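See below for the structure under consideration.
The values are calculated or read from the model by the stated rules, or taken from the named source; none is laboratory data. The shown structure was predicted, so the numbers you read here are calculated from the model rather than taken from an experiment. Cβ placement follows ideal geometry from the backbone for every residue including glycine, while neighbour counts extend to all protein chains displayed.
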């Protein structure tokens, strides 16, 4: 069970960040801590996330920020992010946490031809 440095009567926002070790997640955690928020960094491989672990990570929290990401694959359909998000929403309902911010992005490459005709 995550521990908290503040009490429930404190007005400090209690936020769990999923994907806290990725580039976006690290930025979110740094910014939130600099603003005095009480942060629980949830760090796990998305394919290994169990609902029990999610529930423990969000228990008593005010909000969840998901910065989960998965590598894109041109060879197969990637459903890991949608599966992890469904598990997260189910855990949030069970723990009565109603605020979710989900941040994700996909990078792409564009081939640029520099022909002079």
- Query: Which of the residues that make up region 1-41 are within 30 Å of residue 79 (Cα to Cα), in contact with a strand residue (DSSP E or B) (Cβ under 7 Å, 6 or more places away or on another chain) and at pLDDT below 85?
  - Reply: 2
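Here is a yes/no grid of residues against (1) modelled with pLDDT under 85; (2) over 16 Å from the mean Cα position of the chain (by Cα); (3) within 14 Å of residue 102 (Cβ to Cβ):
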{"site": "43", "(1), (2), (3)": "yes, no, no"}
{"site": "50", "(1), (2), (3)": "yes, no, no"}
{"site": "67", "(1), (2), (3)": "no, no, yes"}
{"site": "74", "(1), (2), (3)": "yes, yes, no"}
